[in-house]
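> Starting off with a structure, shown below.
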Amino acid sequence: MATIDLALIERWLAGWSLSRGVPAPLPYGEGLVVEVGMPAQLRRYVFADAGHALQACAERIHDPYIFLKAAVEPEILRRALPARWSIESPGYLMAGPAQAKDRIALPPGYRIVRERQHGAHVVRILNENQEPAASGRVVLHGGCAVFDQIETAESHRGRGLGSIVMQALDAIAEEAGSGERLLVATEDGRALYARLGWSVIAPWSTAVLLPA
């Protein structure tokens, strides 16, 4: 799989940052940096590959809760880094179709709520007791729609709620005229998105320095 252009990664990362309410990414040599400022993630450095720029960055870092991310397979990132770095579960950078597949009806007993938070459009599905069943968010930024935090509560899985959240977010992106749709998926999430017509455009790997 070809190396992904850093500009595409920056479009995704800018949307991710707006979604999470953290500062926008800044250039960092041949990569990008976000000052996340959260207890379990102070900062993240993002690169298109695991080459010399990422390796030099990793060598300079010794504080915990710093993350390195790159559009490479986990084993490639592992070989590029000193042993003190831990490699997390693999992810996938995915691109969405220009037009969503057939719409799915909301099951009885559920309703959809839409709101704004940080820079994101948020979609939530609540059950008849007003308990959260599923949710997700999309950020519209520079012609790109970045989908983020797509979640379904375990007790509500198997009812198509994740797909319904995605189609509601996609409708927001379509109305805004966004020509590009991006997200980073977990292994479990990849199957859902693939069924909806999304495709993997690059592997996505994460390394982190944990406390000794």
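> Would you check if Gly158 is modelled with pLDDT under 95 and more than 21 Å from Ala14 (Cα to Cα)? Let's see the steps before the verdict.
Numbers: modelled with pLDDT under 95: yes; more than 21 Å from Ala14 (Cα to Cα): yes.
So Gly158 passes the test.
> Please enumerate the residues belonging to segment 65-98 that are in a loop (DSSP other than H, G, I, E, B), of a type in the set (Phe, Trp, Tyr) and open to solvent by less than 30 Å² (accessible area, probe 1.4 Å).
The first filter runs over segment 65-98 and keeps only residues in a loop (DSSP other than H, G, I, E, B), leaving 65, 71-73, 81-85, 88-90, 96-98.
Within this subset, residues satisfying the condition of being of a type in the set (Phe, Trp, Tyr) are 65, 85.
Listed by number, the list holds a single entry, Trp85.
> Are any residues in segment 197-212 buried (at least 19 other Cβ atoms within 10 Å of the Cβ) and more than 13 Å from the chain's Cα centre (by Cα), and if so, which ones? Let's see the steps before the verdict.
Going through segment 197-212, the residues buried (at least 19 other Cβ atoms within 10 Å of the Cβ) turn out to be 198, 202-207, 209.
Scanning segment 197-212 gives Trp198, Ala207, Leu209.
> Report, ordered by the first and then the second residue, all pairs with beta carbons closer than 6 Å, sequence separation of six or more or different chains, a first member in segment 86-98 that is over 16 Å from Leu8 (Cβ atoms), and a second member that is open to solvent by 20 Å² or more (accessible area, probe 1.4 Å) and at pLDDT below 95.
Ser86/Leu210; Pro97/Gly197
> If I filter segment 13-30 down to residues being crowded, with 17+ Cβ neighbours inside 10 Å and of a type in the set (A, V, I, L, M), which single residue comes out as nearest to the chain's Cα centre (by Cα)? Full working, then the answer.
Start the filter on segment 13-30 by keeping residues that are crowded, with 17+ Cβ neighbours inside 10 Å, which leaves 13-20, 22, 25.
Applying the additional criterion that residues be of a type in the set (A, V, I, L, M) yields 13-14, 18, 22.
On the way: Leu13: 8, Ala14: 11, Leu18: 12, Val22: 14 Å.
Checking each candidate, the answer is Leu13.
> Please list, ordered by first then second residue, the pairs with beta carbon atoms under 6 Å, 6 or more apart or interchain, first in segment 16-35 and farther than 19 Å from Leu182 by Cβ, second open to solvent by 20 Å² or more (accessible area, probe 1.4 Å) and of a type in the set (Asp, Glu).
So the pair list comes out as Pro23/Glu35.
> Here is a follow-up. Within segment 48-59, take every residue that is open to solvent by less than 40 Å² (accessible area, probe 1.4 Å) and touching a Leu at 6+ places or on another chain (Cβ under 8 Å) and give me the one that is nearest to Leu13 (Cα to Cα).
Among those residues, the one meeting the criterion is Ala48.
> If you take just the strands (runs of 3 or more DSSP E) that sit entirely in segment 113-179, which of them hold at least 1 residues that are open to solvent by 70 Å² or more (accessible area, probe 1.4 Å) and closer than 18 Å to Gly96 by Cβ? Break it down into steps so the answer makes sense when it comes.
Numbers: elements: 120-127, 132-141, 144-152.
Correct list: 132-141, 144-152.
> Does segment 31-47 include one or more residues that are open to solvent by less than 20 Å² (accessible area, probe 1.4 Å), in a helix (DSSP H, G or I), of a type in the set (A, V, I, L, M) and at pLDDT 95 or above?
Checking segment 31-47: not a single residue is open to solvent by less than 20 Å² (accessible area, probe 1.4 Å), in a helix (DSSP H, G or I), of a type in the set (A, V, I, L, M) and at pLDDT 95 or above.
> Assuming Ala24 fulfils every condition listed in (1) outside any loop (DSSP other than H, G, I, E, B); (2) over 17 Å from Ser205 (Cβ atoms) apart from one, which condition is it?
Of the numbered conditions (1) outside any loop (DSSP other than H, G, I, E, B); (2) over 17 Å from Ser205 (Cβ atoms), the odd one out for Ala24 is (1).
> Go through segment 109-166 and report how many residues are without any contact (Cβ under 8 Å) to a residue 24 or more places away in the chain, in contact with a Gly (Cβ under 9 Å, 6 or more places away or on another chain) and aliphatic (A, V, I, L, M).
1
> A follow-up question, please. Being among the aromatic types (Phe, Trp, Tyr) and under 30 Å from His62 (Cβ atoms), is that true of even one residue in segment 184-207?
yes
The values are calculated or read from the model by the stated rules, or taken from the named source; none is laboratory data. Nothing here was measured: the structure is a model prediction, and the numbers come from that model. Reconstructed Cβ throughout: ideal geometry from the backbone, glycine too, with neighbour counts over all protein chains shown. These accessible areas exclude ligands, DNA and RNA; they are computed on the full protein's heavy atoms, side chains included. Shrake-Rupley method; radii C 1.70, N 1.55, O 1.52, S 1.80 Å.
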